[in-house]
Every structure is written in C-alpha cells, then in structure tokens.
1. Please verify whether Ser375 is crowded, with 18+ Cβ neighbours inside 10 Å and among the hydroxyl-bearing types (Ser, Thr, Tyr), treating the condition exactly as stated.
2. Residues of the stretch 174-193 being touching a residue at least 24 places away in the same chain (Cβ under 8 Å) and exposed (fewer than 15 other Cβ atoms within 10 Å of the Cβ), which ones?
3. Among the candidates Ile47, Ile142, which residue alone is closer than 19 Å to Glu21 by Cβ and either surrounded by 19 or more Cβ atoms within 10 Å (Cβ to Cβ) or over 38 Å from the mean Cα position of the chain (by Cα) (or both)?
4. Is it true that Asn503 is of a type in the set (S, T, N, Q) and under 38 Å from the mean Cα position of the chain (by Cα)?
5. Here are Pro116, Pro131: which of them is surrounded by 14 or more Cβ atoms within 10 Å (Cβ to Cβ), modelled with pLDDT under 95 and out of contact with any strand residue (DSSP E or B) (no Cβ under 9 Å at 6 or more places or on another chain)?
6. If you take the residues in the stretch 199-223 that are in contact with an Asp or Glu (Cβ under 6 Å, 6 or more places away or on another chain) and outside any loop (DSSP other than H, G, I, E, B), which one is nearest to Phe72 (Cα to Cα)?
7. Taking the residues in the stretch 290-318 that are crowded, with 16+ Cβ neighbours inside 10 Å and more than 36 Å from the chain's Cα centre (by Cα) as candidates, determine which candidate is nearest to Pro220 (Cα to Cα).
8. Hey, among the residues in the stretch 207-229 that are of a type in the set (Asp, Glu) and under 20 Å from Phe338 (Cβ atoms), which one's surrounded by the most Cβ atoms within 10 Å (Cβ to Cβ)?
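The values are calculated or read from the model by the stated rules, or taken from the named source; none is laboratory data. Please read these numbers as outputs of a predicted model, since none were measured by experiment. No Cβ is skipped: glycine too gets one built from the backbone with ideal geometry, and neighbour counts run over all protein chains shown.
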Amino acid sequence: MKLFFQILIVIIAALKLHSQEPVAFNCIEVEDDGDVVLRWIPQGTGILYHTVYYSANGTTFDSIDFTPAVSFLYTHIGADAGLGSRWYYLKTVYNDDFALSDTLQTIYLQVDNNDPDFNQADLYWNAIHDPFPDGYSQWYKILREYPIGNWTLHDSVFISETTFSEPVIVCYDSITYRIIIENSIGCSSISNLRGAIFRDVNYPIKPFFDSVSINQDEYPVLGWTSSESTDVTGYIVYRFENDNWLEIDRIDGRDSTFYIDSVSNPCTESFSYAIAALDSCANKSPGTFQTPLNTILQSDVIYNVCSATNAVTWSAYDNATPDLEVYKIFCSIDSGPFELAGQSNPGDTVFIHENIEPGFTYTYYIQAVFGAGSSSSCKKTITAGAYQKPAFIYFANADVLPSNNIELTIDADTSADSFTLNIFRKEPQSTLFWKIDSLRSDEISSIPLVFTDENADPNIGTYYYYVEVMDSCGKNVLTSNENKTIYLIAENSDSDNNYLQWNAFEGWDAGVEKYYIFRMIDGVEPTNPIDSVGASTLEYTDDVSAIDNVAGQLIYWVQALEKDGNQFGFKAQANSNRTAVAVASEMFLPNAFRPGGYTPEFKPIYRFFSGDNYLFQIYNRWGQMIFETNKPEQGWDGKYKANVVPQGVYVYKLVYQNPDRNSVVKTGTVSVIY
C-alpha cells in the first residue's frame, strides 16, 4: 500500500509538471514610430517571469527582454515594424516548468497606387497568426487619414481577406491607411501606418525588364529598357525576401537602365528581382512582380570517380523574353580559356561532363540564351582526383561485455576518400558469415571505432567477425583479419573443485600472451583475477574447498591478454562470456544451542548455499510457529515476541530448492539450554 501511494504521488507530480499553460498572447500593435506593443493574459499560478522572443525574419528568434510575472504588456522600442513584419512569442517560466505562447506576426501593411487609369490604392497585409487567437472579430477595420490629421473608419473586410483596393481621386495629396482587428478581451492588433501620394494623373508605363545576370565580380546585374512615359524620373528595384517584395534601391534618371546589387551573393542563393518606374509626381508604374527575373544559381559540381564525370547542376532561369532557347555550359580546364562543353534544353538543368581526367581543375559557368539576350551564373570549380583507398584495416578486438553484448574494436585509415565498412559475423555452429551492419566513413566520429553487437548471444558458443572495406564505387578494396571470441564452459568436478574449459582467442596481430581467470562470489565484482595460465592452456580447475559461507552461485570468466609488439599499437584484452556454477549445499544443523552463548543463533551451517526458495521455521511443542525466515544468513535467537523461550525441545523445518530445481525438506529438533 505504501508503494501505491508513492507511485500515486509521482504520477500527480508528473501531471502537475506538464499542466502549465502558455499565456494567452492575443494582441500585437505597431505604434506610429514603428515600436511594437505586445499584450497578453497570464495563465495559472507560480509564474516567475516572461521572456520575450523576437525575429525580424520569422526564422531566427532571439530573447530581447524579461518581464515580471504580473505583467501583461511589453513595448519593443526600436522594432522598426513600419519597415516589415516582426515576429514575437513569449516563454512563461513557472516554478517547475515553462510554456511557450503562439508566435504572432505584426500586421505589415503595404499600399500601392499603381493603376494608371483610376489612381487606385491597393492595400495588402498579413494575418497575425493562422488561425487567429480566440476572441477576434471576423472583420478587419480599414482606417484612413484624409486630410492629414483626420482619421475615419473607412471600410472593413472579412477576416479571410488580406487585401483591399479602392480608386482614389485627388489632385495631389497624401492618404495614409492603417489596419485594425479587435479582440473581445479589450485589445486590438494594429498595423503600421502606410500611405502614398495620390494625384489625378496617369501612372507611368512600366519598363521592360529584360535580364538578370552576374558580372565578373559575382554581383547580380539587372538590365531593362527605358519606360515609354516621358515624365519618368527614375526606377525602383525590388528583391523578393521572406515572402515579400522589398524595395532595395531607387535609381535616378529615365535613361538609367541597369543596376548592380552589391549586397547579395548570387553564388550561394538565387535571387528574384522586379522593376517599377517612378514619375515626377512620385507615382510608381506597375511593377514587374508577375514576371520577375532571377539569377541562375549553379550548385557545387559533383565529381564521380567511378564514372569519371562531373555533374553540373543549376536553377532554372524563369520568365525570359523571348522564350528561353538553350542553356550553354562553358568550362575552363586548369585556368585555361572557357570553351563550350555542351548545352541542354530549357527544361533540363543538369549536364554530365564526361571523360574527366584525375588531377585536373575544372571551372564551369552556365549561360541562358534567349533571343539576343543572355544571363550567366557564378563560376564553380572542382579538382578531379583518383580514389584513395584506406591504407589498412585491422580488427583489433572482440570483447564479451558483462551485459552479454560483444564489443568490437576496429582500426582503419580514415584519411582516405569516402568508403564504407561492412561488419560480418559467423554464429556458433554456422559455416556462413552474414553482414550485420554498415558504416559510412562520414559516420565514423573517432578511431578506433567501437561497435557493440547487441544481437549476439556469447553464452551459446563462439562468434567470428571480420570487416570489409567498400569504396565509393561499391568495390571491395580491403578485408580485415578475423577475430574469434572466447566461449567458456564451467561445471562442478566435485564438491571441492570446479572445472573450466574454453577455446583460444584468435585474431590479434601479436597473439595471446596469457589467460586470466576471474571468479565472482555473491555478486561482488572482483578487482583481480584468481590465477592465470599460459596461452597454450585452455582449461583450469578451481579449488573452492577454502571458500565458506557463499550464498549463491560462483561466476567465472576468462580474459585473454595480448602480447607486446602489435604493429598497430594495440595491447588488447578480450573477455569470455560469464558462466555460473551452482555449488551444491553442504549443511547440517546442531541439536542444541544456548541463546546468547558462544553460538547465539540457531540456523543451518553450510559452506555454500546455492539453492532457492529458502524457508526456515521453528515450532514449539504445541505446534505453534515461533520463528520464520527466508534469508539463509538469518538464524533464530531463541526468542519469541522479544522474550527468551523456556528451556526445552523445539522443532525446526527447513525447505529449499537445490540447484537441480528439486525440493529439499529437512525436519528435526533442537534443545534450548541455559
């Protein structure tokens, strides 16, 4: 019953540990200056504090502050949420646990006035979370400031919508918008302020965005033709990042027709761009967002030593005008001139360059061709080399662990190229080796490699092991030596001797020096062997006549020691399986004893006891049981209920099960004398 309550307490504690709830993170507001206000409702008791986590890209979060347990709002000063979405979540720390809230995203409102006919305002924004937290209204409220200083509820859209468009007819003025969605707990999520200048004129005609390529400095170069609108004063360059089109620069001059993006690395990532024209009234033309152009990203070249080929791959060049005709692959060998190595169709972005010579350096770039235009990738270089196989493979040891698993030690040359180690095992009474595992060279963290075979049973016989080295082409290039485990058999010769026999350990480079004999008594792990024998001796007789009062079995194992001089630097030790010898009991019971005398307890006297289900009882002359124990080491002290029994004759009964699993019953009498 006590154990039941202990388990119940542990279960209750576990349930309590995982019962904490995160805060109800409901509202996120962008203030006029871009600061962000977070509002939440703490849940539960035992809160120590809240940690605020922030991300500017929705992927990488950093903790930026702590708030007290009783707090329910936090203002992130300097968040600049008017420049893009910001992401937040709260970690609530309790006395014994913590809980993470939902991640909310600030509403980032963007406003375009790109329609050349109606001066149309196009609003688009994002939701704070999908799905929305509990308690939110089903409507976004659209607030508009016009004229300056006069804010009104202008319109609303259903919660599933994140866009809004309206024609704006003004001569020349600024109109600002803000998005609000209300929560029933009394707070709202509010977007940044975003507006534009509107005037009753046509928007400029967008330019023709003709190409994105990469220059010799490995920067993206954008090219376009001038807008046909004569009042264009410049162009806006956009780059697609984090699912948004971000304005990265403005170029002055109607006749400016190229731009170099010197902050992006097109050799590690493909970037997409769009262009819009800007007129003298700061009106933007429709951007080329529907047909963006992207850089060609060439992946690292993969050399296949087996087929002597280089695999050249790249990302597609999209939205070419006119249509993409062909990809050309140019190659330079050992810094020589670039020459055409081959070409592929528009839908194929893989090229296999054949007949690669080991030791030469190959540099590639890709050129997309469309009409009179073209776009090129960054350059990628690889040096082709012949496969270098491991110089050696050595099976250093096969050691039987106390857990009955077999621990294998393997030494290999890991300075070689990619390879695979296949481990083979032959089981007792079998003539065939079977592969039990494979390890790639990139999975080997340290040498020598230690591998545990958990599926062997060293108590049934001897196991053989060896290792095969496969190169990256699937060819067997090296085979190790074999290791043979030690299988030990132990049995009673007679009541005073135990006989041990084992097979020789095989496989060490230097051979076996000697075998140590280990014996464990009553489950106590020995620190030293009881004896040793030479390498040619494979048996041992253990004289146990001097061992007294052993309650249980004797456990034996043999340990082989390697000679000095191993060429690989090893001096190994290999253990056999552990085998138990049940020693027959030799016991007798005195016919009299004096409580408190020279022998203060009455119990069976034995040299060894390896039986089981032990029961020893004392009865008085009326048949009443006055003592009972199931512990062989515990005897009767001549008392019953803490009082010394009267002098006289008492009956004992001894019951146990011997090592052969036969029941033994002994009865008799003992005289208590004073």
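1. Details: crowded, with 18+ Cβ neighbours inside 10 Å: yes; among the hydroxyl-bearing types (Ser, Thr, Tyr): yes.
Here the answer is yes, as Ser375 does meet what is asked.
2. So the first thing to find is which residues in the stretch 174-193 are touching a residue at least 24 places away in the same chain (Cβ under 8 Å), and the list is 174-185, 187-193.
Answer for the stretch 174-193, where residues must be touching a residue at least 24 places away in the same chain (Cβ under 8 Å) and exposed (fewer than 15 other Cβ atoms within 10 Å of the Cβ): Ser174, Ser184.
3. Working: Ile142 fails: closer than 19 Å to Glu21 by Cβ.
Testing whether each residue is closer than 19 Å to Glu21 by Cβ and either surrounded by 19 or more Cβ atoms within 10 Å (Cβ to Cβ) or over 38 Å from the mean Cα position of the chain (by Cα) (or both) leaves just Ile47.
4. On the way: of a type in the set (S, T, N, Q): yes; under 38 Å from the mean Cα position of the chain (by Cα): no.
So Asn503 does not fit the description; no.
5. Working: Pro131 fails: surrounded by 14 or more Cβ atoms within 10 Å (Cβ to Cβ).
Just a single option satisfies the conditions, and that option is Pro116.
6. If we take residues in the stretch 199-223 being in contact with an Asp or Glu (Cβ under 6 Å, 6 or more places away or on another chain) and outside any loop (DSSP other than H, G, I, E, B), then Pro220 is nearest to Phe72 (Cα to Cα).
7. The residue in question is Leu293.
8. Residues of the stretch 207-229 that are of a type in the set (Asp, Glu), as a first pass: 210, 217-218, 228.
After this cut, where a residue has to be under 20 Å from Phe338 (Cβ atoms) as well, the list is 217-218.
Values: Asp217: 8, Glu218: 12.
Among them, the one singled out is Glu218.
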